[in-house]
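Report on one structure; see the data block that follows.
The values are calculated or read from the model by the stated rules, or taken from the named source; none is laboratory data. Fair warning: this is a prediction, and the values are worked out from it, not measured in the lab. Here the Cβ is made from the backbone with ideal geometry for all residues, glycine too, and neighbour counts use every protein chain on show. Surface accessibility is based on the protein's heavy atoms, side chains included, excluding ligands, DNA and RNA. Shrake-Rupley method; radii C 1.70, N 1.55, O 1.52, S 1.80 Å.
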Amino acid sequence: MDNALTIDVEEWFHVCGVAGCGYGTYPSHVLRNVDRLLECFAASGVTATFFVLGSVAEALPSLVPAIAAAGHEVASHGFSHTMITVLSPAAFRDELRRTNDILSSQSGKRPMGFRAPQWSLSRTVTPWAFEILHEEGFRYDSSCNPLPFVGERSGSRVPYKIGMAGKSLWEIPPMVTPSMLGNLPTGGGWGFRFFPQQMIERTVMRLNEEGQSAVFYLHPREIDPSGPRLPLSLFRQFVAYGPRTDALERLVPLMKRFRFTSLGSLVDQWESA
């Protein structure tokens, strides 16, 4: 089975709900972290999907060309790292178009995938967003995380199609591990570096045995354990940044054991099946 690696390309200071954070205030770390990821993926022969924030691509015009030249998929993470729940439909559409223009010109391809900041897209809270994604030419979304407090708590743990008046859009949730306490965030973020490696590998194996792909996600700051962090409360800092460990220590063994590709390639496989 092919699984998927996805990277949310944003700076260490991009935390939803925190105002006044930008390139005029804080130094950039994303270029060096993405370079390290590209080197790691090249050494492992892995292709990934990079959900790039439009404002980052605009500020650092060498970033997206480097990702595309390495053979990876470039997808959209929106422009301003604003949660979809606080955007109007018109503002959401504007963010999509602004980001698409930047990513298309820098990569040579129109983004086919989207991921919302902080999993802030839901069939119950923002049903209009899926219609806009389809109208703007997207083939898939990967924003509905089946976890408490973010995404869709009772949402599907496997990819599915969202139907809209004769149209459809693939929804691809990230990997979680079911437990008596609910779904656990083993596919990325703080949970990927907190829960046992064996639990993560067992979850991948179980999904693959069921004919399903495991979808992982990480942020460039998660391979920079000594990097800076915003002065948040201890709880919020842990949720935003996780433990001070290098996510590659977990990811490299997974890349050796399992097969990985981009989300766009998975969608191609599903559509042709």
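The single condition among (1) of a type in the set (D, E, K, R); (2) at pLDDT 90 or above; (3) within 25 Å of SER76 (Cα to Cα) that ARG202 does not meet is (3). Answer yes or no: is there a residue in the range 112-129 that is of a type in the set (Ser, Thr, Tyr), assigned to a loop (DSSP other than H, G, I, E, B) and open to solvent by 20 Å² or more (accessible area, probe 1.4 Å). Among the residues of the range 112-129, at least one is of a type in the set (Ser, Thr, Tyr), assigned to a loop (DSSP other than H, G, I, E, B) and open to solvent by 20 Å² or more (accessible area, probe 1.4 Å), which makes the answer yes. Is it the case, given these coordinates, that GLY71 is loosely packed, with under 14 Cβ neighbours inside 10 Å and of a type outside the set (Lys, Arg)? Yes, satisfied. Of all residues in the range 152-180, those being charged (D, E, K, R) and modelled with pLDDT of 90 or more number 3. Within the set PRO243, PRO253, PRO231, the sole residue that is touching a residue at least 12 places away in the same chain (Cβ under 8 Å) and assigned to a loop (DSSP other than H, G, I, E, B) turns out to be PRO243. ASN208 meets all of the listed conditions (1) of a type in the set (S, T, N, Q); (2) in a loop (DSSP other than H, G, I, E, B); (3) closer than 22 Å to SER265 by Cα but one, namely (2). Output the residue which, of all residues in the range 101-125 that are among the hydrophobic types (A, V, I, L, M, F, W, C) and in contact with a helix residue (DSSP H, G or I) (Cβ under 7 Å, 6 or more places away or on another chain), is farthest from PHE138 (Cα to Cα). So, considering only residues that are among the hydrophobic types (A, V, I, L, M, F, W, C) and in contact with a helix residue (DSSP H, G or I) (Cβ under 7 Å, 6 or more places away or on another chain), the one farthest from PHE138 (Cα to Cα) is VAL125.
Say we look at the range 133-151 and pick out the residues that are modelled with pLDDT of 95 or more and of a type in the set (A, V, I, L, M, F, W, C); which of these is surrounded by the fewest Cβ atoms within 10 Å (Cβ to Cβ)? Looking at residues that are modelled with pLDDT of 95 or more and of a type in the set (A, V, I, L, M, F, W, C), I get PHE138. Exactly one residue out of LEU96, LEU87, LEU31, LEU38 is hydrophobic (A, V, I, L, M, F, W, C), over 21 Å from THR261 (Cα atoms), touching a residue at least 24 places away in the same chain (Cβ under 8 Å) and open to solvent by 10 Å² or more (accessible area, probe 1.4 Å), and it is LEU31. Among residues of the range 238-253 being in contact with a helix residue (DSSP H, G or I) (Cβ under 7 Å, 6 or more places away or on another chain) and under 12 Å from PHE216 (Cα atoms), the one that is least open to solvent (accessible area, probe 1.4 Å) is ALA247. Quick check, is ALA57 outside any loop (DSSP other than H, G, I, E, B), farther than 19 Å from LEU266 by Cβ and open to solvent by less than 30 Å² (accessible area, probe 1.4 Å)? Here the answer is yes, as ALA57 does meet what is asked. Residues that are hydroxyl-bearing (Ser, Thr, Tyr) and closer than 17 Å to THR261 by Cα: does the range 45-60 have at least one? The answer is yes, given that some residue of the range 45-60 is hydroxyl-bearing (Ser, Thr, Tyr) and closer than 17 Å to THR261 by Cα.
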